[in-house]
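**Student:** Handing you a structure now.
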Amino acid sequence: MNSSNPTRIVLVDDHALVREGIRALLAVMPRIEVVGEAESAAEALELLGRVPADLLLLDIGLKNTNGLELTRSLGRQHPDLKVLILSMYDNIEYVRTAIRAGACGYVLKDASSREIVAAIEAIAAGGSFYSSEIARKLAERTAEPHNLTPRECQILQMLAQGLDSKAMARELDISVRTVETHRLSIRRKLNIDGSAALIRYALSASRL
């Protein structure tokens with residue numbers, strides 16, 4: 001996505017009131033443009049065939065199918081399209097399935113408007129994002145089998161929320177260098193590189 005252009009978003013939810021609320025929220029945000037909305041998977045696919053979009057804000061529960069199946073289809077038909085799941089379900093199995101299907105993030109419907117916007121911005125920038133409760137569960141389940149320290153667990157959770165090292169340092173009141181040291185330790189323990197890859201690994205770990 002070109003950072004100089006607005007992020008073009010399509011809303012997919014079978015409740016018109018939910019779509020209306022999200023559209024109103026995003027209407028006042030700079031660099032974000034809602035270019036269409038749909039209430040079903042079929043309608044979404046038809047719309048995407050006509051309207052260029054960068055990101056799909058998608059509910060899991062849809063008419064006749066579900067958002068996870070639609071995410072898989074989009075990976076084949078629109079591989080450059082990013083998908084952010086917006087759901088009422090905080091079940092880790094749903095999260096794991098969504099990411100394996102190709103979603104870049106998972107935000108709960110009771111999330112604050114600030115968190116939803118942060119998720120969109122993180123994914124538009126090429127990253128991933130998970131609601132704080134989802135990120136906490138992922139970090140806790142990843143920590144035990146890999147002997148992550150409590151601080152490394154915190155860092156992993158913040159990575160899931162799209163925070164960079166400077167933001168983590170401010171939040172934890174430690175130096176950026178200390179944050180980087182923790183991140184390096186996490187990567188070594190998990191034998192993996194990159195913040196998005198860390199969470200993807202967590203989701204596919206056998207203990208989830």
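**Student:** (1) outside any helix (DSSP H, G or I); (2) touching a residue at least 60 places away in the same chain (Cβ under 8 Å): which one isn't true of L148, the others all being true?
**Tutor:** Unmet condition: (2).
**Student:** Then there is this: So the check is Cβ under 8 Å with 6+ separation or different chains; which pairs have a first residue in the stretch 179-208 that's closer than 14 Å to L159 by Cα and acidic (D, E) and a second one that's at pLDDT 75 or above and surrounded by 14 or more Cβ atoms within 10 Å (Cβ to Cβ)?
**Tutor:** Qualifying pairs under 8 Å: E180/S165; D193/R187.
**Student:** Related question: Tally the residues that are closer than 19 Å to A122 by Cβ and open to solvent by less than 80 Å² (accessible area, probe 1.4 Å), restricting the search to the stretch 6-29.
**Tutor:** 9
**Student:** Could you run through the stretch 96-121 and say how many residues are under 22 Å from H78 (Cα atoms) and open to solvent by less than 20 Å² (accessible area, probe 1.4 Å)?
**Tutor:** 10
**Student:** Right, next: So S3 passes all but one of these: (1) of a type in the set (S, T, Y); (2) modelled with pLDDT under 90; (3) surrounded by 15 or more Cβ atoms within 10 Å (Cβ to Cβ). Which condition number does it fail?
**Tutor:** Here S3 meets the rest and fails (3).
**Student:** Look through the stretch 61-72, keep the residues that are out of contact with any helix residue (DSSP H, G or I) (no Cβ under 6 Å at 6 or more places or on another chain) and in contact (Cβ under 8 Å) with a residue 40 or more places away in the chain, and return whichever of them is surrounded by the fewest Cβ atoms within 10 Å (Cβ to Cβ).
**Tutor:** That would be K63.
**Student:** If you take the residues of the stretch 30-60 that are among the small types (G, A, S) and under 17 Å from P6 (Cβ atoms), which of them is surrounded by the fewest Cβ atoms within 10 Å (Cβ to Cβ)? Step through it out loud before you land on a result.
**Tutor:** Our first condition is that a residue be among the small types (G, A, S); within the stretch 30-60, this holds for 36, 38, 40-42, 44, 49, 53.
Still in the running and under 17 Å from P6 (Cβ atoms): 36, 53.
Details: G36: 18, A53: 20.
Once the filter is applied, the top-ranked residue is G36.
The values are calculated or read from the model by the stated rules, or taken from the named source; none is laboratory data. Nothing here was measured: the structure is a model prediction, and the numbers come from that model. Note that each Cβ is placed from the backbone with ideal geometry, even for glycine, and that neighbours are counted across all protein chains shown. Heavy atoms of the whole protein, side chains included, go into the accessibility calculation; ligands, DNA and RNA do not. Shrake-Rupley method; radii C 1.70, N 1.55, O 1.52, S 1.80 Å.
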